[in-house]
Amino acid sequence: MARKQVATEDDSDIEPSRETELAEPGEGKPEIAEEETEELETEAKTPEAPKAPGTEEAVEEEEEIEIVEEKFYDLNLRRIWTAPREKRTPRAVRYVRQYAANRMKTDNVSLSEETNSLLWNRGISKPPRKIRIRVVKDKEGKVIVFPGEGK
């Protein structure tokens, strides 16, 4: 087993900057060069506002889509509640995909993260009874399901 080599005050090969790091607490702070303080001040003056994660990306994705067709639907998910408790929300996801595929006449359907979180919000055994969705079809035939406005 290798031993760690501990630096002592006797070592002459310690760099001057390392001496300040090894100093006992309370002996004083290491001095900072004037250039470093100027850099720190300029960094402190230009803080960037924190952005909510994912909000900018979702907006860009919607703007990039060239919408050919857009429809709003109110889905009553009462038939989903006949499934066993631990299969309700996965069944609701499949139902929403199938519904959008039938209405938009394509098999290429994907759910947005917002729609997915809307369905999974209360867990696997309690999906919502009703949802409003916005179904968007682009020029390539790809269909994306977004949550609709309102309830």
Worksheet item: For region 65-147, what are the per-bin percents of Cα-Cα distances with bins 5 Å wide, up to the bin holding the maximum?
Response: 3, 17, 28, 23, 15, 9, 4, 1
Worksheet item: What relative contact order, as a whole-number percentage, does region 65-147 give when Cα pairs under 8 Å and 6 or more residues apart are counted?
Response: 45
Worksheet, complete the sentence: Simple SL model, points at 7 angstrom along Cα→Cβ for GLU149 and ARG85; separation in nm is 3.9
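Every number in this text was worked out from the coordinates using simple rules, so none of it is lab data. From a predicted model like this one, the values you see are computed outputs, not experimental measurements. Quick reminder, even Gly has a Cβ in these numbers, built from the backbone with ideal geometry, and neighbours come from all protein chains shown.
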